[in-house]
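Everything below concerns the one structure shown next.
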Amino acid sequence: QQQVKQSPQSLIVQKGGISIINCAYENTAFDYFPWYQQFPGKGPALLIAIRPDVSEKKEGRFTISFNKSAKQFSLHIMDSQPGDSATYFCAATDSWGKLQFGAGTQVVVTP
Amino acid sequence: KAGVTQTPRYLIKTRGQQVTLSCSPISGHRSVSWYQQTPGQGLQFLFEYFSETQRNKGNFPGRFSGRQFSNSRSEMNVSTLELGDSALYLCASSLQDRRTGELFFGEGSRLTVL
(Lines give C-alpha, C1' and ligand atoms only; values in the text may rest on other atoms or scores of the structure.)
Protein backbone atom coordinates (compact mmCIF):
# COMPACT_ATOMS: atom_id res chain seq x y z
CA GLN A 1 0.00 0.00 0.00
CA GLN A 2 1.10 3.53 -0.73
CA GLN A 3 2.52 5.05 2.44
CA VAL A 4 2.59 8.47 0.84
CA LYS A 5 -0.64 9.51 -0.86
CA GLN A 6 -0.31 12.04 -3.65
CA SER A 7 -2.92 14.03 -5.53
CA PRO A 8 -3.97 14.93 -8.11
CA GLN A 9 -2.90 12.25 -10.53
CA SER A 10 -2.57 14.85 -13.26
CA LEU A 11 -3.15 18.51 -13.77
CA ILE A 12 -3.14 20.99 -16.60
CA VAL A 13 -2.17 24.57 -15.95
CA GLN A 14 -1.72 27.54 -18.21
CA LYS A 15 1.63 29.20 -18.58
CA GLY A 16 2.08 31.66 -15.75
CA GLY A 17 -0.36 29.82 -13.49
CA ILE A 18 0.22 28.03 -10.19
CA SER A 19 0.52 24.24 -10.00
CA ILE A 20 -0.30 22.69 -6.62
CA ILE A 21 0.41 19.07 -5.72
CA ASN A 22 -0.57 17.64 -2.36
CA CYS A 23 0.80 14.72 -0.38
CA ALA A 24 -0.22 13.08 2.87
CA TYR A 25 1.42 10.48 5.05
CA GLU A 26 0.65 8.42 8.13
CA ASN A 27 4.03 7.31 9.40
CA THR A 28 5.18 9.86 11.96
CA ALA A 29 8.69 8.42 11.76
CA PHE A 30 9.15 10.02 8.36
CA ASP A 31 11.68 12.79 8.77
CA TYR A 32 12.79 13.87 5.31
CA PHE A 33 10.44 14.91 2.53
CA PRO A 34 11.92 15.40 -0.94
CA TRP A 35 10.21 16.14 -4.21
CA TYR A 36 11.50 14.63 -7.42
CA GLN A 37 10.89 15.75 -10.97
CA GLN A 38 10.93 13.28 -13.84
CA PHE A 39 10.96 14.04 -17.56
CA PRO A 40 10.04 11.36 -20.10
CA GLY A 41 12.90 8.94 -20.70
CA LYS A 42 14.85 10.20 -17.73
CA GLY A 43 15.26 9.15 -14.15
CA PRO A 44 13.78 11.29 -11.37
CA ALA A 45 15.89 14.21 -10.16
CA LEU A 46 15.70 15.94 -6.79
CA LEU A 47 13.84 19.22 -7.03
CA ILE A 48 13.53 20.43 -3.46
CA ALA A 49 13.34 18.87 0.00
CA ILE A 50 12.17 19.79 3.50
CA ARG A 51 12.46 18.50 7.06
CA PRO A 52 9.48 18.53 9.46
CA ASP A 53 10.94 21.24 11.68
CA VAL A 54 10.41 23.75 8.85
CA SER A 55 6.95 24.85 7.67
CA GLU A 56 7.98 26.25 4.31
CA LYS A 57 10.92 26.15 1.95
CA LYS A 58 11.26 28.11 -1.24
CA GLU A 59 13.70 27.64 -4.09
CA GLY A 60 13.07 29.87 -7.04
CA ARG A 61 9.57 29.23 -8.34
CA PHE A 62 9.18 26.05 -6.27
CA THR A 63 7.84 26.10 -2.71
CA ILE A 64 7.17 23.28 -0.28
CA SER A 65 4.62 23.86 2.44
CA PHE A 66 4.69 21.43 5.35
CA ASN A 67 1.98 20.86 7.97
CA LYS A 68 3.34 18.46 10.57
CA SER A 69 0.17 18.23 12.65
CA ALA A 70 -1.93 17.37 9.61
CA LYS A 71 0.80 15.13 8.20
CA GLN A 72 0.53 16.85 4.87
CA PHE A 73 2.90 18.64 2.55
CA SER A 74 2.52 20.26 -0.81
CA LEU A 75 4.50 21.58 -3.74
CA HIS A 76 3.61 24.89 -5.34
CA ILE A 77 5.04 25.78 -8.73
CA MET A 78 4.64 29.49 -9.26
CA ASP A 79 4.59 31.10 -12.70
CA SER A 80 4.46 27.66 -14.32
CA GLN A 81 6.38 27.33 -17.58
CA PRO A 82 6.08 24.78 -20.41
CA GLY A 83 9.50 23.46 -19.37
CA ASP A 84 7.96 22.47 -16.02
CA SER A 85 5.84 19.86 -17.80
CA ALA A 86 6.94 16.65 -16.10
CA THR A 87 5.89 14.09 -13.54
CA TYR A 88 6.40 15.13 -9.94
CA PHE A 89 6.83 12.69 -7.09
CA CYS A 90 6.65 13.48 -3.41
CA ALA A 91 8.53 11.15 -1.12
CA ALA A 92 9.37 10.50 2.49
CA THR A 93 12.20 8.71 4.22
CA ASP A 94 11.32 6.43 7.09
CA SER A 95 13.35 5.48 10.14
CA TRP A 96 14.94 2.61 8.25
CA GLY A 97 16.17 4.98 5.56
CA LYS A 98 13.82 3.72 2.88
CA LEU A 99 12.51 6.36 0.51
CA GLN A 100 8.78 5.92 -0.06
CA PHE A 101 7.37 7.65 -3.13
CA GLY A 102 3.93 8.98 -3.85
CA ALA A 103 2.17 7.81 -7.00
CA GLY A 104 3.22 10.84 -9.01
CA THR A 105 1.47 13.79 -10.63
CA GLN A 106 1.75 14.48 -14.31
CA VAL A 107 1.86 18.24 -14.84
CA VAL A 108 1.18 19.74 -18.25
CA VAL A 109 1.76 23.44 -18.73
CA THR A 110 0.01 24.82 -21.79
CA PRO A 111 1.49 27.78 -23.69
CA LYS B 1 31.49 13.97 -13.21
CA ALA B 2 29.72 11.04 -14.80
CA GLY B 3 26.21 10.28 -13.63
CA VAL B 4 24.64 6.97 -12.73
CA THR B 5 24.97 4.54 -15.62
CA GLN B 6 22.56 1.69 -16.14
CA THR B 7 22.89 -1.11 -18.67
CA PRO B 8 21.23 -2.34 -20.71
CA ARG B 9 18.79 0.49 -21.41
CA TYR B 10 16.23 -1.76 -23.08
CA LEU B 11 15.69 -5.47 -23.10
CA ILE B 12 13.03 -7.96 -24.01
CA LYS B 13 12.69 -11.32 -22.30
CA THR B 14 10.13 -14.08 -22.23
CA ARG B 15 8.32 -15.54 -19.26
CA GLY B 16 10.45 -17.90 -17.22
CA GLN B 17 13.75 -16.39 -18.23
CA GLN B 18 16.01 -14.46 -15.91
CA VAL B 19 17.61 -11.08 -16.32
CA THR B 20 20.54 -9.21 -14.82
CA LEU B 21 20.69 -5.43 -14.78
CA SER B 22 23.77 -3.42 -14.03
CA CYS B 23 24.32 -0.08 -12.34
CA SER B 24 27.46 2.01 -12.01
CA PRO B 25 27.02 4.71 -9.36
CA ILE B 26 28.53 8.15 -9.32
CA SER B 27 32.16 8.01 -8.34
CA GLY B 28 32.48 8.18 -4.57
CA HIS B 29 28.90 7.12 -3.88
CA ARG B 30 28.74 4.01 -1.74
CA SER B 31 24.99 3.54 -1.51
CA VAL B 32 23.02 2.08 -4.40
CA SER B 33 19.25 1.66 -4.39
CA TRP B 34 16.98 -0.01 -6.90
CA TYR B 35 13.42 0.95 -7.74
CA GLN B 36 10.78 -0.53 -9.99
CA GLN B 37 8.63 1.97 -11.85
CA THR B 38 5.34 1.00 -13.45
CA PRO B 39 2.36 3.11 -14.53
CA GLY B 40 0.09 1.35 -12.04
CA GLN B 41 2.32 1.12 -8.98
CA GLY B 42 4.61 4.11 -9.39
CA LEU B 43 8.07 3.91 -7.87
CA GLN B 44 8.48 0.88 -5.65
CA PHE B 45 11.60 0.38 -3.54
CA LEU B 46 13.39 -2.89 -4.20
CA PHE B 47 16.53 -2.80 -2.09
CA GLU B 48 19.51 -0.73 -1.07
CA TYR B 49 23.13 -1.73 -0.85
CA PHE B 50 25.88 -0.01 1.05
CA SER B 51 29.46 -1.24 1.16
CA GLU B 52 28.47 -4.56 -0.42
CA THR B 53 25.77 -5.20 2.21
CA GLN B 54 22.04 -5.08 1.72
CA ARG B 55 20.89 -2.37 4.07
CA ASN B 56 17.19 -2.21 3.24
CA LYS B 57 14.74 -4.35 1.36
CA GLY B 58 11.31 -3.66 -0.08
CA ASN B 59 8.34 -5.97 -0.36
CA PHE B 60 9.27 -7.93 -3.44
CA PRO B 61 9.41 -11.72 -3.82
CA GLY B 62 12.66 -13.60 -3.56
CA ARG B 63 12.89 -13.75 -7.35
CA PHE B 64 14.30 -10.26 -7.09
CA SER B 65 17.85 -10.15 -5.79
CA GLY B 66 20.82 -7.90 -5.96
CA ARG B 67 24.39 -7.45 -4.97
CA GLN B 68 27.04 -4.81 -4.76
CA PHE B 69 30.67 -5.14 -5.59
CA SER B 70 33.69 -3.65 -3.86
CA ASN B 71 33.81 -0.83 -6.43
CA SER B 72 30.18 0.04 -5.50
CA ARG B 73 28.82 -1.17 -8.82
CA SER B 74 25.61 -3.08 -8.36
CA GLU B 75 23.59 -5.67 -10.18
CA MET B 76 20.05 -6.81 -9.73
CA ASN B 77 18.68 -10.09 -10.93
CA VAL B 78 15.15 -11.21 -11.57
CA SER B 79 14.61 -14.92 -12.00
CA THR B 80 11.64 -16.75 -13.47
CA LEU B 81 10.30 -13.64 -15.12
CA GLU B 82 6.58 -12.94 -15.10
CA LEU B 83 4.59 -10.64 -17.34
CA GLY B 84 4.07 -8.31 -14.39
CA ASP B 85 7.80 -7.75 -14.11
CA SER B 86 7.67 -5.53 -17.18
CA ALA B 87 8.78 -2.16 -15.85
CA LEU B 88 11.42 0.50 -15.79
CA TYR B 89 14.09 -0.45 -13.28
CA LEU B 90 15.84 2.53 -11.83
CA CYS B 91 19.09 2.60 -9.96
CA ALA B 92 20.03 5.47 -7.71
CA SER B 93 23.22 6.26 -5.89
CA SER B 94 23.97 8.52 -2.97
CA LEU B 95 26.70 9.45 -0.57
CA GLN B 96 27.09 7.57 2.67
CA ASP B 97 24.04 8.83 4.52
CA ARG B 98 21.05 8.66 2.21
CA ARG B 99 18.76 10.08 4.83
CA THR B 100 20.42 13.46 4.65
CA GLY B 101 21.31 13.50 1.00
CA GLU B 102 19.68 13.21 -2.35
CA LEU B 103 19.38 10.22 -4.60
CA PHE B 104 20.89 10.48 -8.07
CA PHE B 105 18.98 8.32 -10.50
CA GLY B 106 20.10 6.72 -13.71
CA GLU B 107 17.90 6.69 -16.78
CA GLY B 108 16.77 3.16 -16.08
CA SER B 109 16.61 -0.22 -17.76
CA ARG B 110 13.30 -0.84 -19.47
CA LEU B 111 12.38 -4.50 -19.25
CA THR B 112 9.62 -5.99 -21.35
CA VAL B 113 8.51 -9.53 -20.57
CA LEU B 114 6.57 -11.30 -23.31
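The values are calculated or read from the model by the stated rules, or taken from the named source; none is laboratory data. Model, not experiment: these values are computed from the prediction. A quick note on method: Cβ atoms are made from the backbone with ideal geometry, for glycine too, and the neighbour counts reach across all protein chains shown. Protein only, heavy atoms only, side chains kept; ligands, DNA and RNA dropped before computing areas. Shrake-Rupley method; radii C 1.70, N 1.55, O 1.52, S 1.80 Å.
Based on the inverse mean of 1/r over its pairs of different Cα atoms, what is the Kirkwood hydrodynamic radius of chain A, in Å? Walk me through the numbers before you get to the answer.
Numbers: mean 1/r = 0.0718 Å⁻¹.
Evaluated over chain A, this radius sits at 13.9 Å.
Round to a whole angstrom and tell me the spacing of the C-alpha centers of region A:53-86 and region B:74-96.
Centre-to-centre distance over Cα atoms comes out at 30 Å.
On a 26 Å Cα-Cα criterion, which of the cross-link pairs A:Lys15/A:Lys68; A:Lys98/B:Lys13; A:Lys5/A:Lys98 come out too long? It would help to have the intermediate numbers written out before the result.
Numbers: A:Lys15/A:Lys68 31 Å; A:Lys98/B:Lys13 29 Å; A:Lys5/A:Lys98 16 Å.
Cα-Cα > 26 Å for A:Lys15/A:Lys68; A:Lys98/B:Lys13; rest within.
Please compute, for peptide B:103-109, the average count of beta-carbon atoms on other protein chains lying within 10 Å of each residue's beta-carbon.
Working: counts 9, 4, 7, 2, 3, 4, 0.
For this peptide, the per-residue mean of nearby foreign Cβ atoms is 4.
Extending each Cα 7 Å along its Cβ direction at A:Ile18 and B:Phe60, get the distance between those two points in nm, one decimal.
4.0 nm
Peptide A:42-49: average number of partner chain Cβ atoms within 10 Å per residue? Don't skip to the answer; put the middle values down first.
On the way: counts 4, 15, 9, 5, 5, 1, 0, 3.
The mean count of partner-chain Cβ atoms within 10 Å per residue comes to 5.
Which value in Å is the Kirkwood Rh of the protein assembly as shown over different Cα pairs?
Numbers: mean 1/r = 0.0556 Å⁻¹.
For the protein assembly as shown, the Kirkwood estimate is 18.0 Å.
Taking a probe of 1.4 Å and counting only protein heavy atoms, give the total accessible area buried between chains A and B in Å², rounded to the nearest 100. Please report the intermediate quantities before stating the final value.
Numbers: alone 6220 and 6250 Å², together 10810 Å².
It comes to approximately 1700 Å² buried between A and B.
Ignoring ligands, DNA and RNA, what percent of the 1.4 Å accessible area of the protein assembly as shown is carbon and sulfur? Write down the numbers at each step before the final one.
Details: 5310 of 10810 Å².
So the carbon and sulfur contribution to the accessible surface is 49 percent.
When the convex hull of the Cα atoms of chain B is projected onto a plane and the area is averaged over all directions, what value comes out in nm²? Don't jump to the answer; show the numbers that get you there.
Working: hull surface 26.4 nm².
Result: a mean projected hull area of 6.6 nm².
What does the charge count around A:Lys5 come to, taking other residues whose C-beta lies under 12 Å from its C-beta (Lys +1, Arg +1, Asp -1, Glu -1)?
On the way: positive: A:Lys71; negative: A:Glu26.
The answer is 0.
What are the semi-axes of the equivalent ellipsoid of region B:21-82, taken as the square roots of 5 times the eigenvalues of the Cα gyration tensor, listed largest first and rounded to whole Å?
Numbers: eigenvalues 84, 32, 22 Å².
Equivalent ellipsoid semi-axes, largest first: 21, 13, 11 Å.
Which residues does a label at A:Thr28 reach in region A:67-103, if reach means a backbone N under 15 Å from a point 7 Å past the Cα toward the Cβ?
From region A:67-103, the list is A:68-72, A:95.
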